[in-house]
Amino acid sequence: MSIAPVQPVADLYADHHHWLHVWLRKKLGCSEHAADLAHDTFLRLLDRDEPVELREPRAFLTTIAKGLVANHFRRQKIERAWLETLALQPEAEASSPETRALIVETLVEIDRRLDTLAPLVRRVFLLSQIDGLPQAEIAAALGISVPTVKRYLAKALVACCFGDDAR
């Protein structure tokens, strides 16, 4: 088995940036967002500790870009939900654009951290924090014990507060 040659990121950029931008523009329907995500794709390559050895550079770049596209749409969904919540608040309670941006960033990070949890742990957390259900009702609804609900809530809270540092 031969090892593919190491290709510097600058060469990958020169050879594939235009193609990647076009591909992303088709996915996103927006040239500006496509440019941002194409840029972020190559930044991910620069952040890697090991050299990039590729047989199929476009497949590799597409894999990175697909993850960024998913994150982009997830962020948009969270931002829309937050803006809808803000629209329901009285004008006097409206926060500054800076505060809103920080809140959206925080919500995106919490969403990312919750996504690392097992589905049942995440479900317990959301039933508690979003739906406001008491632990006994969560246990009954999911067919688990109250101590398990407590354990799952603790695990989710640690993930939300400490993220990767909790491991």
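One residue stands out in region 32-71 among those that are in a loop (DSSP other than H, G, I, E, B) and in contact with a strand residue (DSSP E or B) (Cβ under 7 Å, 6 or more places away or on another chain): the one that is surrounded by the fewest Cβ atoms within 10 Å (Cβ to Cβ), namely P51. Among the residues here, A34 does not qualify as closer than 16 Å to A14 by Cα and touching a Leu at 6+ places or on another chain (Cβ under 6 Å). Return the only residue of P90, P119 being out of contact with any Cys (no Cβ under 8 Å at 6 or more places or on another chain), closer than 30 Å to T148 by Cα and either assigned by TED's automatic domain parsing to the domain that holds H16 or exposed (fewer than 13 other Cβ atoms within 10 Å of the Cβ) (or both). Step by step, each of P90, P119 is checked, and only P119 is out of contact with any Cys (no Cβ under 8 Å at 6 or more places or on another chain), closer than 30 Å to T148 by Cα and either assigned by TED's automatic domain parsing to the domain that holds H16 or exposed (fewer than 13 other Cβ atoms within 10 Å of the Cβ) (or both).
When D111, D131 are checked against the criterion of being surrounded by 15 or more Cβ atoms within 10 Å (Cβ to Cβ), outside the structural domain of F42 (by TED's automatic domain parsing) and of a type in the set (D, E), D111 stands alone in meeting it.
Condition (residue is under 18 Å from Q76 (Cα atoms), in a helix (DSSP H, G or I) and under 23 Å from the mean Cα position of the chain (by Cα)) applied to region 13-24: is it met by at least one residue? Yes: region 13-24 contains one or more residues that are under 18 Å from Q76 (Cα atoms), in a helix (DSSP H, G or I) and under 23 Å from the mean Cα position of the chain (by Cα).
The values are calculated or read from the model by the stated rules, or taken from the named source; none is laboratory data. A quick note: this is a predicted structure, and the numbers were derived from the prediction, not measured. Reconstructed Cβ throughout: ideal geometry from the backbone, glycine too, with neighbour counts over all protein chains shown.
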